[in-house]
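Heads up, the thing below is written out as structure tokens.
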Amino acid sequence: PSQTVTGNFAKVIHGLNANQLTDQVIQRSKRMILDTLGVGLLGTSTEVCQKVTQYSKIYSSDLSSTIWGHLDFRLPPLYAAFVNGVAVHSMDFDDTWHPATHPSGAVLSAVIALSEAFPQKKKISGLDLLLAFNVGIEVQGRLLQFSREAKNIPKRFHPPAVVGTMGSAAACAKLLALDQLECKNALAIAASYAGAPLANAATQIKPLHVGNAAKHGLEAACLALQGLEGNKQILDMESGMGAFYTDYNPQTLPTLQSYPWLLDQQDVAIKRFPAHLATHWVADAASSVRRKLVESSENLLPLDKIEKVILKVPEVKYVNRPSPASEHEARHSFQFVACSALLDGSMSVQSFSTENVHRPALQELLCKTQLEHPPDNTPSFDSLYCEVSIILEDGNMISDRCTTFYGHWRKPLKKEDLEKKFQSNALGILPAEAVEGIVETVYNLEKVEDCSVL
């Protein structure tokens, strides 16, 4: 049993320590934490977050954790993790990794909520939080590497609902200092909570996937601490984690001596606007086409002279939405993002407001837009490209292609742009001094003695 993949994972989760965090892992994870806090704070203003917040008020407990952006009430850690996780993904504005998942929301929401529930005499340091967070990220990345099909944009289920739940459980197990047997049980319990069909993408339900992953992982670790037992080989079996992947091929992890973190090898993508990651290639290409079009048309967009808009993108069915009717559908529409970027020159949070989704000029452009799926354009966040072509009435064509957008792991956001994104997201929710305090605290997290200051 000690040689099983599940046992090996439990050993690594239990055995990793803060001394093994590299400088690059710490720096990258602090960027992820800052970004996730910002999009989570912004997400508290959304309708879906307000609904789950209201729902969660029915629960009460002697233990309580902060709901981000709220001073008026607190919730038990489980439901604080749920609400904050929903907030993080409520606008599809959170980070994305490769193979495809949103790694930070489920883990950070859970460990922050759990860290607040510890008694005063057992303070959780910023380094404790960083270690638990990175254990949760690592487990997600390793599980995704056990499947070739996971490298493509998903078709059947939303990955954070599966690997995010497992990552949350691993992170909380680390924070609770579970032993190896308890870590196995936490993973087994979490696996029975995992999964959400992709059919709920582009609806108000999709953010619940991250909220549930945070909540269920935390609950799994707490139940394991109580002695609840599950299958000790959950990561080894076709009927365990293999149930989610047709080509599941688990491997043991590297030895604990000089452990190689995946985050050291593979950075995350941090989004500049709140929409499905694949649309970010479209936005950059369309913005470039607009610049060329305006330059050749005396600084005016010749909307009436555009005959056709052609988008060469990978075949991703749930991001092919020619007539999006809501903000959630617009966030999952190649066509909407291309037309918005052509009209405005860039994308922002406001691009997805009801007024902008339904404006006549955009509807007119949508009617002229068609998708093409070149056979070399694979649906992988590591290799896809987008080409936008405008065909004018006179037969002229203006095109541009994006192979790596700004914010992708190959072209990461500069520090000042990451901070601007965080400040822009957080300032509508918190006072300026609190916003600056969060930035300073996150940047110095490994030196913070009590992370409850966050």
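The values are calculated or read from the model by the stated rules, or taken from the named source; none is laboratory data. This structure is a prediction, so every number in the text was calculated from the model and none was measured. We place every Cβ from the backbone using ideal geometry, glycine too, and count neighbours over all the protein chains shown. Surface areas here come from the heavy atoms of the whole protein model, side chains and all, with no ligands, DNA or RNA. Shrake-Rupley method; radii C 1.70, N 1.55, O 1.52, S 1.80 Å.
Residues of segment 375-384 that are open to solvent by less than 40 Å² (accessible area, probe 1.4 Å) and either in contact with a Lys or Arg (Cβ under 6 Å, 6 or more places away or on another chain) or farther than 16 Å from residue 279 by Cα (or both): 380 alone.
Restricting segment 45-60 to residues that are outside any helix (DSSP H, G or I) and touching a residue at least 12 places away in the same chain (Cβ under 8 Å), the residue that is surrounded by the fewest Cβ atoms within 10 Å (Cβ to Cβ) is 60.
Checking 254, 260, 322 one by one, the residue that is of a type outside the set (D, E, K, R) and either in a strand (DSSP E or B) or under 24 Å from the mean Cα position of the chain (by Cα) (or both) is 260 and no other.
Name the residues in segment 154-203 that are part of a helix (DSSP H, G or I), among the polar types (S, T, N, Q) and open to solvent by 10 Å² or more (accessible area, probe 1.4 Å), would you? Within segment 154-203, 180, 192, 200 meet the criteria. Every condition in (1) touching a Gly at 6+ places or on another chain (Cβ under 9 Å); (2) surrounded by fewer than 22 Cβ atoms within 10 Å (Cβ to Cβ) holds for residue 320 except the one numbered (1). Checked against (1) more than 15 Å from the chain's Cα centre (by Cα); (2) hydrophobic (A, V, I, L, M, F, W, C); (3) modelled with pLDDT of 85 or more, residue 58 meets all criteria but (3).
State whether the residues of segment 245-255 include one that is in contact with a strand residue (DSSP E or B) (Cβ under 7 Å, 6 or more places away or on another chain) and surrounded by fewer than 20 Cβ atoms within 10 Å (Cβ to Cβ). No - not one qualifying residue is present in segment 245-255. Which residue is nearest to residue 201 (Cα to Cα), if the candidates are limited to segment 350-374 and must be surrounded by 18 or more Cβ atoms within 10 Å (Cβ to Cβ) and within 23 Å of the chain's Cα centre (by Cα)? In this case the residue turns out to be 352.
Residue pairs whose Cβ atoms lie under 9 Å apart, separated by 6 or more positions or on different chains, with the first residue in segment 431-454 and in the same structural domain as residue 35 (by the TED database) and of a type in the set (Lys, Arg) and the second in a helix (DSSP H, G or I) and surrounded by 16 or more Cβ atoms within 10 Å (Cβ to Cβ), are 447/126; 447/127. For the condition touching a Ser or Thr at 6+ places or on another chain (Cβ under 7 Å), among the polar types (S, T, N, Q) and either modelled with pLDDT under 95 or outside any loop (DSSP other than H, G, I, E, B) (or both), residue 115 qualifies. The sole residue among 63, 127, 71, 42 that is at pLDDT 95 or above, farther than 29 Å from residue 411 by Cβ and open to solvent by 10 Å² or more (accessible area, probe 1.4 Å) is 127.
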